Amino acid sequence: MEVYARALAAFIVGWFALFHGLLIAVNGEFDYADALTKSIIFLEAQRSGKLPPNHRPSWRGDSALEDGKLANVDLVGGYYDAGDNVKYGLPMAFTVTTLSWAAIFYESELKAAGEMENVRAAIRWGTDYFIKASSRRDRLYVQANPLSPTIRTSKITAQSISYVKKGWTSGREGTESGNQHEVGDPVQDHQCWVRPENMKTPRTVLHIDQNAPGTEIAAETSAAMAAASVVFRDIDQAYARRLLNKAKL
């Protein structure tokens with residue numbers, strides 16, 4: 001999540017510096033349009049799933065093409081988090097929300113920089129994943145830090161895969177099985193430094209529902225789809241309506 005925040009901060013600072021000159025004394029030797037482009041390419045490098053033919057980071061390939069298989073749901077796509085191979089829904093949704101509002105407020109500037117279509121593609125890469133993650137009624141396949149003491153415990157996945165942690169609630173020794181809200185095992189992932197195309201770590205699938213609530217993550221995912229619906233309202237009305245309807249559920 002920290003990497004997402006840094007990239008988005010650089011993204012926004014680049015806009016202000018390039019188009020408004022409010023935050024930085026612009027030096028002609030610096031190419032802020034190039035910095036903006038590279039910030040967007042950074043997000044493209046975090047893509048998971050089947051990559052499009054026009055994918056700009058040439059060193060990336062298809063990865064995690066069976067995400068969701070453990071729960072019999074298609075969860076291929078979305079973004080990896082913080083250089084990891086785990087997909088966390090909260091920072092992903094925050095990123096899509098921020099990109100969407102940036103596309104709304106800076107549409108003319110992004111067009112002038114030649115990046116508007118790339119920003120829309122970045123937003124859609126996230127929202128296509130959120131549509132998949134919300135395909136089951138009253139259930140959202142959604143991600144959060146599995147070691148967080150604020151997350152209530154429950155079962156994991158449709159196949160009730162057991163996933164236990166010791167002593168991560170209230171600082172006392174014990175065993176808690178929980179709905180940790182992620183795609184992938186962060187503990188094993190952090191022990192394995194490998195590109196996503198070659199990862200062998202488990203792709204555990206976790207969700208929230210009425211029995212295992214996750215209000216903040218659900219709300220941010222809804223906000224992401226609602227904001228993105230505004231971005232696509234004038235160019236793809238059917239897709240915009242679909243996002244808005246999903247956001248209301």
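Here is a check on your reading of the model: is Asp81 crowded, with 23+ Cβ neighbours inside 10 Å, charged (D, E, K, R) and part of a loop (DSSP other than H, G, I, E, B)? Spelling it out, Asp81 is indeed crowded, with 23+ Cβ neighbours inside 10 Å, charged (D, E, K, R) and part of a loop (DSSP other than H, G, I, E, B). Among the residues of the range 216-241, those that are over 20 Å from Lys87 (Cβ atoms), part of a helix (DSSP H, G or I) and either open to solvent by 30 Å² or more (accessible area, probe 1.4 Å) or hydroxyl-bearing (Ser, Thr, Tyr) (or both) comprise Ala226, Ser229, Val230, Gln237, Ala238, Tyr239, Arg241.
The values are calculated or read from the model by the stated rules, or taken from the named source; none is laboratory data. Here the structure is a predicted model, which means the values were calculated and not measured. Reconstructed Cβ throughout: ideal geometry from the backbone, glycine too, with neighbour counts over all protein chains shown. When the accessible area is computed, the model is the full protein with side chains, heavy atoms only, and any ligands, DNA or RNA have been set aside. Shrake-Rupley method; radii C 1.70, N 1.55, O 1.52, S 1.80 Å.
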